[in-house]
Structure formats: C-alpha cells, structure tokens
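The values are calculated or read from the model by the stated rules, or taken from the named source; none is laboratory data. Predicted, not measured: the structure shown is a model, and the values here were computed from it. Backbone-built Cβ (ideal geometry, glycine too); neighbour counts: all protein chains shown. Each accessible area value is taken on the protein alone, full model and side chains, heavy atoms only, with ligands, DNA and RNA left out. Shrake-Rupley method; radii C 1.70, N 1.55, O 1.52, S 1.80 Å.
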Amino acid sequence: FFVLFWNSVKLTVCILVGQFLIGVSGAWAFSAYSFKGKDILFSIYIILMLLPFQTTMLAEYLVLDGAGLLNTLWSVILPAVFSTFPVFLVYRGFKRIPSELFEVARIDGAGEWTIYVRLGIPLADSSIMAAFIISFFEVWNMVEEPLAFLKDMSIWPLSLYLPQIGLEQAGRVCAASVITLILSFFMFGIFRDSLEQGIVSSALKG
C-alpha cells in the first residue's frame, strides 16, 4: 500500500511541477504576445482539451512505445505534463491583467523574464492556484492512463490499488480509502479560497 502511495506522490509532484513550467509559460505566451497563427493554435489547444482520453489513447500508446517509455512512470507523467487544461485556465487569469501595466514595465527597463516572474505570475496567482488544485485532484485520482500504460503493479499509483481489494476485505478498503482521502481533504481545506477565487477570476472576461 505504502509503495503505491509514494508512487502516487511521485506522479502528482512531477506532473504538477511540469504543468507549472509548461502550462503557465504557455498561457503567458498566448496572453502576452502576438504571433502568427496564435488564434488557430489556441483553438487547437481548446479542441484537444475537449477530447476524451479514449480518443488519444492509441496515439499516445504508439508514441510512448516507440520512445521505450511504456511501463514506466514517465509514460503517465509526460502526457499529463502537456495537458491543455492548465493553459486554458491560467490564460484567462493572465488576460485580465491590463496590458498597459506590462508596457510601463518595459519602458522602465524590465526584461520579458522579469515581467513574467515579477508581474505576470503574482497577479495571476489565483488562477494558477486553481489550476494547480484541480490538476492535483485529477492526477491523484487518475485511473485510465496508469491502467493503459503501466503493467507492473510495483509502479502503480494508489488509484489503481483500491479497486483491486475485494469486498471480503472491507476493513482494508475502508482504511485505505481514508488514508487516500486525507491528503485530498488537506489540500482542499488549505486552498479552498484560492480555488474559488481562481475559478471566478478565470471566468471573467479579461
């Protein structure tokens, strides 16, 4: 149980860190800069977000198999890192920041990296936290992706362990479920306000 628990922790931490580096940066690029094909590319992102895993599973399987990553934690981590949902949610948070603020910073001599780190991220922190918490719940309870790409039980996440426990072991099921839910309740209790504020601010038109 605890081996699979720590597998879930590894998956969750790696995916959330990757989504922060890739997703938040991608959202910033879409919101702060104008480039050729931007609208088309962003529309593709939205379409990909709407596609269920079942429609992309075969393509992901073939790519991961060709890269020799099947039956490793990376087969679950890498596709999740490039999820389009954090990009969409954080994009709305960046768009509500007045662009004039960035222009003033550029006039004062601030570089693009400084504007991103010192202005963009702090001002869109509620949207970033909302994406972080929603992704946490999604990854922590992930079932389809590990089931499709992981064959070795020793690297399964905890979300695949609970359905394997039979009804004759009801006590074990109850104990395992409680331990699994503790972290989720802990995260929700700490970041509940940030989650609500982030969803509301991302829903507002920038």
Nearest 10 degrees, 0 to 90: helix 85-95 Cα axis against the chain principal axis: 20 degrees
Net charge, F30 excluded, C-beta distance under 10 Å - Lys, Arg +1, Asp, Glu -1: +1
GNM result for the chain, Cα springs below 10 Å: residue of G26, G66, G18 fluctuating most strongly: G66
Degrees separating the helix 53-66 axis from the principal Cα axis of the chain, which is the longest one: 80 degrees
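At most 14 other C-beta atoms within 10 Å and a DSSP loop state: those are the exposed trypsin sites (Lys or Arg not before Pro) I care about. Give me the longest piece of the chain that has none. Walk me through the numbers on the way to the answer.
Details: sites that count: K36, K151, K205.
Between exposed loop sites, the widest span is 37-150.
Taking the Cα centre of the chain as origin, work out the dipole magnitude from +1 charges on Lys and Arg Cβ and -1 charges on Asp and Glu Cβ, in debye rounded to 20.
The calculated dipole for the chain is roughly 240 debye.
Per residue, how many Å² of accessible area does the chain show with a 1.4 Å probe?
On the way: 11790 Å² over 206 residues.
Counting only protein heavy atoms, the per-residue value for the chain is 57 Å².
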Given charges at Cβ of Lys, Arg, Asp, Glu: the chain dipole, positive-most of V76, G171, Y33: Y33
Alpha-carbon centroids, the range 108-157 and the range 2-64: separation in whole Å: 9 Å
Cα long-axis angle, helix 2-19 against the chain (0 to 90 degrees, to the nearest 10): 20 degrees
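Whenever you get a sec, compute what percent of the accessible area on the chain sits on carbon and sulfur atoms (1.4 Å probe).
On the way: 8120 of 11790 Å².
Result for the chain: 69 percent of the exposed heavy-atom area is carbon or sulfur.
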Helical contribution to [θ] at 222 nm, DSSP H n ≥ 4, -39,500 (n - 2.57), averaged over the chain, rounded to 500: -22000 deg cm²/dmol
Solvent accessible area, Å² - D108, 1.4 Å probe, full protein context: 130 Å²
Over the chain, relative contact order from alpha-carbon pairs under 8 Å, at least 6 apart, %: 35 percent
